[in-house]
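Have a look at the structure below before the remarks.
The values are calculated or read from the model by the stated rules, or taken from the named source; none is laboratory data. Computed from a predicted model, the values in this text were never measured in an experiment. Here the Cβ positions follow ideal geometry from the backbone for every residue, glycine too, while neighbour counts run over all protein chains shown. Note: accessible area is taken over every heavy atom of the protein model, side chains too, but ligands, DNA and RNA are not part of it. Shrake-Rupley method; radii C 1.70, N 1.55, O 1.52, S 1.80 Å.
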Amino acid sequence: MATEIVNVKEFQELARQALPKMYYDYYSGGAEDQYTLRENMEAFCRIQIQPRILVDVSKIDMSTTVLGYNTSAPIMIAPTAMHQLAHPEGEVATARAAAACNTIMVLSYMSTCTVEEVASSCNAIRFFQLYVHKRRDVSAQLVQRAEGNGYKAVILTADAPRLGRREADIKNKMISPQLKNFEGLLSTEVDKGSNIQALASETFDASLCWKDIGWLRSITNLPILIKGVLTCEDGACLGWMPMLLWISHIMDTHLDGGNSLPRMEAEAAIKAVEVGFDGIIVSNHGARQLDYVPASISVLEEVVQAVGGKVPVLFDGGVRRGTDIFKALALGAQAVLVGRPVIYGLAAKGEYGVRRVIEMLKDELELSMALSGCPSVKDITRSHVRTERDRLQSML
């Protein structure tokens with residue numbers, strides 16, 4: 001008799017058993033020494049929850065909105081590549097699970113099902129993730145196809161001018177399948193041993209910079225979010241923070257013994273104001289790009305403070321428990337994105353597995369809210385968590 005799965009983490013072992021080693025390593029691995037991969041989860045363990053008692057929690061409301069779209073809980077499905085390597089139904093199964101759970105799915109630019117197939121499969125609220133291709137017309141056509149098929153936002157992944165060094169993929173000679181979204185536009189077959197890295201180097205536009213965001217704005221009417229922000233100066237580059245407040249934050253960081261942060265030149269600040277993203281996602285790309293960057297959760301609050309409430313801040317990286325979601329919300333995230341657990345659920349049990357992953361996280365979040373004295377998402381505040389920085393400051 002199979003042992004009952006009682007938490008999201010346990011789906012990882014089921015996925016390992018179900019998948020060829022090459023594919024499991026592709027999904028589970030991180031960059032180089034995988035320090036940041038471990039730290040993404042371990043950093044959550046260093047944040048304590050400070051519950052409130054004698055609060056009426058007989059009814060818990062986890063519902064929220066993201067860019068004005070209603071969702072049953074502040075949990076979204078992160079963009080992850082090539083779902084058909086995990087299950088034959090691929091992103092279609094994932095989208096159906098998102099619809100069943102009334103949550104938002106972000107479809108990967110590197111999906112194995114087409115934009116149109118996912119759109120026609122269900123009524124899930126869908127965003128589209130974008131890497132900018134060296135041939136801008138390819139990216140433009142994909143964005144316009146997404147917009148024409150009812151996708152509600154574009155997520156620009158900005159932390160991948162080149163692909164990170166993922167050594168398991170190199171050893172396994174990981175091969176990417178032909179991606180149907182690009183049929184008729186270009187070939188995604190690369191005649192090299194480990195072709196994931198070669199594919200990225202031949203397609204991703206390493207010259208992309210802030211001045212190019214105007215081009216992206218020109219090809220779509222959809223709201224655009226940027227994914228991959230890890231520092232307050234990049235957050236400030238979104239143009240929503242008065243210069244004096246930004247400098248004040250830098251001075252506070254110096255006084256707290258933090259890292260020195262470079263000042264923005266006036267010209268750069270003006271350019272940043274002109275960019276105007278509609279939201280940001282604090283993310284280190286699942287620790288798959290540059291190793292030894294901070295865990296996403298450790299920089300979330302810094303970015304939230306830099307943005308100053310002008311646009312929503314979403315969070316991505318290391319979420320495995322409802323308590324992780326609670327901590328991210330307390331530090332200012334409007335919602336979290338979940339990546340690997342969704343893939344593990346898909347590999348283990350298809351659409352049902354993805355549903356169970358989301359449902360388990362929702363159940364755990366609901367319990368965390370009840371035990372912390374938070375009847376609704378808006379009741380989760382900064383005072384509900386205690387970070388390492390809080391503990392250090394209390395000793396001064």
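The residues of the stretch 376-393 that are part of a helix (DSSP H, G or I), surrounded by fewer than 16 Cβ atoms within 10 Å (Cβ to Cβ) and modelled with pLDDT of 95 or more, listed by number, are K378, R382, S383. All of (1) more than 18 Å from the chain's Cα centre (by Cα); (2) open to solvent by 50 Å² or more (accessible area, probe 1.4 Å) hold for G373 with one exception: (2).
Here the stretch 332-359 is the region considered, the condition is being over 16 Å from the mean Cα position of the chain (by Cα) and surrounded by fewer than 24 Cβ atoms within 10 Å (Cβ to Cβ), and the residue that is farthest from D278 (Cα to Cα) is K349. Evaluate the stretch 302-322: report whether one residue or more is touching a Gly at 6+ places or on another chain (Cβ under 6 Å), farther than 30 Å from R166 by Cβ, polar (S, T, N, Q) and touching a residue at least 60 places away in the same chain (Cβ under 8 Å). Scanning the stretch 302-322, I find no residue that is touching a Gly at 6+ places or on another chain (Cβ under 6 Å), farther than 30 Å from R166 by Cβ, polar (S, T, N, Q) and touching a residue at least 60 places away in the same chain (Cβ under 8 Å), so the answer is no.
All conditions but one from (1) part of a loop (DSSP other than H, G, I, E, B); (2) in contact with a strand residue (DSSP E or B) (Cβ under 7 Å, 6 or more places away or on another chain); (3) at pLDDT 95 or above apply to V311; the one that does not is (3). When C101 is tested against (1) closer than 26 Å to C209 by Cβ; (2) surrounded by 20 or more Cβ atoms within 10 Å (Cβ to Cβ), exactly one condition is not met: (1).
Within the stretch 42-65, is even one residue among the β-branched types (V, I, T) and without any contact (Cβ under 8 Å) to a residue 12 or more places away in the chain? Within the stretch 42-65 (the criterion being among the β-branched types (V, I, T) and without any contact (Cβ under 8 Å) to a residue 12 or more places away in the chain), the answer is yes, since at least one residue qualifies. The residue pairs whose first member lies in the stretch 135-156 and is at positive phi, whose second member is assigned to a helix (DSSP H, G or I) and open to solvent by 10 Å² or more (accessible area, probe 1.4 Å), and whose beta carbons are closer than 6 Å, counting only pairs six or more residues apart or on different chains, are G150/A119. For the structure I just gave you, tell me whether S120 is surrounded by fewer than 18 Cβ atoms within 10 Å (Cβ to Cβ), assigned to a helix (DSSP H, G or I) and at pLDDT 95 or above. Considered against the rule, which asks whether it is surrounded by fewer than 18 Cβ atoms within 10 Å (Cβ to Cβ), assigned to a helix (DSSP H, G or I) and at pLDDT 95 or above, S120 comes out as yes. Just one of the numbered conditions (1) within 25 Å of P177 (Cα to Cα); (2) out of contact with any Gly (no Cβ under 8 Å at 6 or more places or on another chain); (3) surrounded by 15 or more Cβ atoms within 10 Å (Cβ to Cβ) is not true of E32: (2). Taken together, the residues in the stretch 32-43 that are within 17 Å of the chain's Cα centre (by Cα) and over 15 Å from G339 (Cβ atoms) amount to 3.
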